[in-house]
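Notes for the one structure printed next.
Read the figures in this text as sums done on the coordinates, not as results from a lab. Just so it is clear, the model here is predicted, and its values are computed rather than measured. Virtual Cβ from ideal backbone geometry, glycine too; neighbours counted across all protein chains shown.
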Amino acid sequence: MRVAESVVIEIDRNAGPGAAIDGRVRTAAALAKTAIIGTSSCLIDSDDNYDSRTFDEIHFKLKGLPRRSDEPPHPLAHLGEAASIALCAARKSQGETIIFLVNDGGASLVASHYGIPARHFGQVMAELICGGKFTSGDAFDIFAMANSVSGVPQDVAPLDAEALECQKSGESQVCTMCDSIAPMTAAGVEQG
Ligand SMILES: [Zn+2]
C-alpha cells in the first residue's frame, strides 16, 4: 500500500496537539500514524513523483465539484486528494495496476477521468470478508467507527453487517465483490 506524502503531512497535522479538529479525528490520525504509516507494509510516495501540471488539472477539477453540505470551506481542501490521484496517474503510466482507496465520491469521480478505479472503505471491508479475513459483524463495527471519522457517501455506505456479507454463501452463489477481486488477484495486485 502507498500513501501520498501530502496525505501523510495532513495526518501528521491532524494528530498534532494544536489541530483545530475534534478528538475522534485526532485519535484516528494518531492511530493511522503508528498502525499504518509507520509500518513496513505502507510506502510513502513523494510529491516529487507526480507531474505538477497533472496535479494542477486534477486540483482544478476537484475544486469545481459541488461541496458536501457538512464540509466547511478550507484553504487546504483537496490537496491530499489531488496529490493522491496525480500519483495514481503517474504509477499507472509506469504500467502499474492501481486501485485508489478513497471515501470521497467526488475524488473517485475525478480519478475515473484518468482511468483509475476507486474503492471506498466499505468495499475494502467487503473484500476482506470475501477473503475470509473478517466476519461481517467485526467488519461492520470497524467500518462504522471509521465511517464516523471519514465518511463514505450515504447512498453507497453499507447500513448493516449483512450488507457487507459475501453473497456466495447466499442462494444465488454469485458475489459481485468476489468476481471483482478475482481478475486483480490473478494479476498479483495488492490493494494500494
Ligand atoms: Zn464474495
Practice prompt. Could you name the aspartates and glutamates whose alpha carbon sits less than 16 Å from that of residue 33, not counting residues in the same chain fewer than 8 places away?
Written response: 5, 10, 12, 45
Fill in: Computed FRET value (nearest 0.05) for residue 174 with residue 43, which takes r as the C-beta separation and R₀ as 25 Å
0.10
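Where does the charge balance sit around residue 177 when Lys and Arg score +1, Asp and Glu -1, over other residues with C-beta under 11 Å from its C-beta? Walk me through the intermediate numbers first.
Numbers: positive: 119, 168; negative: 127, 165, 179.
Result for the local shell: -1.
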Practice prompt. When you have a sec, figure out the Kirkwood radius of the chain from all distinct Cα pair distances and drop it here in Å to one decimal?
Written response: 17.8
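Among residues other than residue 86 whose Cβ falls under 13 Å from its Cβ, what is the net charge (Lys/Arg +1, Asp/Glu -1)? If you can, show how the numbers build up before the last one.
Values: positive: 2, 53, 61, 91, 92; negative: 5, 45, 47, 48, 51, 56, 57, 81.
Net charge around residue 86: -3.
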Response to the item:
Per the helix-only model, the chain has a calculated mean residue ellipticity at 222 nm (DSSP H runs of ≥4, -39500 (n - 2.57) each, divided over all residues, rounded to the nearest 500) of -14500 deg cm²/dmol
Worksheet item: Net charge near residue 134, counting Lys/Arg +1 and Asp/Glu -1 over other residues with Cβ under 13 Å of its Cβ?
Response: -3
Worksheet item: Rounded, prolate or oblate: which one fits the range 121-186, using the alpha carbon gyration tensor with axes a ≥ b ≥ c (rounded when a/c is under 1.5, else prolate when a/b beats b/c, else oblate)?
Response: prolate
Worksheet item: Relative to the longest principal axis of the chain, what angle (0 to 90°, nearest 10) does the C-alpha long axis of helix 136-147 take?
Response: 20
Discussion item. 5 Å is the cut-off here: which amide hydrogens, built 1.01 Å from N in the peptide plane, fall below it relative to residue 4, excluding neighbours closer than 5 in sequence?
Written reply: 45
Worksheet item: Which cross-chain or sequence-distant (5 or more) residues have an amide H under 5 Å from the amide H of residue 118, H modelled 1.01 Å from N in plane?
Response: 100
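How big is D for the range 102-152, in µm² s⁻¹ as a whole number, if Stokes-Einstein is applied with the Kirkwood radius of its Cα pairs at 20 °C and 1.002 mPa s?
Details: Rh = 11.6 Å.
Answer, rounded: 184 µm²/s.
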